[in-house]
Amino acid sequence: MELKKFEEVIEKVFEDSKVRILDIVYELSDNKKFYKLVYSIHSLNISKTEEFEEILLHTKLIFKVNLSKTKLIDNYFYYLKDINCIYSKVEFQGIEDFNEKLNKLFKEKNFGEDILNLSELLSNAPTTRLNYNLNKLGVDNVFIYSFLYEPKYKTRPCGEVTFDFSINLKSSEINLSIKKIDQEYFFYYKYLNNSLTEIEQDLEELPYKISNHISKTLN
């Protein structure tokens, strides 16, 4: 497949989805016989209604391209299905099939539990849920104005990726980075001159977990 036609499909999908951050790099293969074309995607808007904005927090698409960067070598691509380098392969036949497979991938949200949990956190009114939980914890003198995904690096080896957020209060900010190490999840908080590290066994019920962490960070 000619690379130009393929890129037109990619650009159309991302244009319709309103991706927030898209970085494209070519990486020479170890045997120097082809390039890996890597699309690193952050905050991909999958769907939007008046009440709900569904966001895919992060994934990568990887294709094999010839050395002259004019054609795809194989009719398949890999995508980052879940954090810590869990990839899945998608085969396609021709440009129309590729278009359908790519759109289907995002529409059906065929991603791992961790990516889906992180995406759900950002999609479903994070500030409202965090403020509600803080109030239930008795923290009624703090109000979160925004909870933003702010990736430090557009492109980074998947094993080194952290998921970085800024939690904006009235006159200050809490920085949060989440990273999976082995089978545990590390939450690193920085607030003024203080820091806090919390370890969790999963990424479920993230608004509740983060609210508890924030209450400790502020104290």
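The values are calculated or read from the model by the stated rules, or taken from the named source; none is laboratory data. In this text the structure is predicted, and so the values were computed from the model without any measurement. Every residue, glycine among them, receives a Cβ derived from its backbone with ideal geometry; neighbour counts consider all protein chains shown.
What the table shows:
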item: Selected residue (criterion: modelled with the lowest pLDDT) from residues of segment 97-130 that are part of a loop (DSSP other than H, G, I, E, B) and on the phi < 0 side of the Ramachandran plot; result: ASN124
item: Failed criterion for GLY138 (all others in (1) at pLDDT below 95; (2) out of contact with any Lys or Arg (no Cβ under 8 Å at 6 or more places or on another chain); (3) in a helix (DSSP H, G or I) hold); result: (3)
item: Residue within segment 76-97 that is among the acidic types (Asp, Glu), free of Cβ contacts under 8 Å to residues at least 12 places away in the same chain and assigned by TED's automatic domain parsing to the domain that holds GLU173 present; result: no
item: Residue check for PHE98: surrounded by 14 or more Cβ atoms within 10 Å (Cβ to Cβ), of a type outside the set (Lys, Arg), over 17 Å from the mean Cα position of the chain (by Cα) and under 30 Å from ASP30 (Cβ atoms); result: yes
item: Test: residue in segment 77-85 that is more than 25 Å from the chain's Cα centre (by Cα) and outside any strand (DSSP E or B); result: no
item: Count - residues of segment 37-81 that are within 30 Å of GLU120 (Cβ to Cβ), modelled with pLDDT under 95 and of a type in the set (D, E, K, R); result: 6
item: The one condition in (1) modelled with pLDDT of 95 or more; (2) of a type outside the set (Asp, Glu); (3) over 23 Å from GLU150 (Cα atoms) that GLY94 fails to fulfil; result: (1)
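Conditions (1) surrounded by 12 or more Cβ atoms within 10 Å (Cβ to Cβ); (2) touching a residue at least 24 places away in the same chain (Cβ under 8 Å), marked per residue:
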{"position": "LEU118", "(1), (2)": "yes, yes"}
{"position": "ASN135", "(1), (2)": "yes, no"}
{"position": "ASN141", "(1), (2)": "no, no"}
{"position": "THR155", "(1), (2)": "yes, yes"}
{"position": "SER166", "(1), (2)": "yes, no"}
{"position": "ASN175", "(1), (2)": "yes, no"}
{"position": "TYR191", "(1), (2)": "yes, yes"}
{"position": "GLU198", "(1), (2)": "yes, no"}
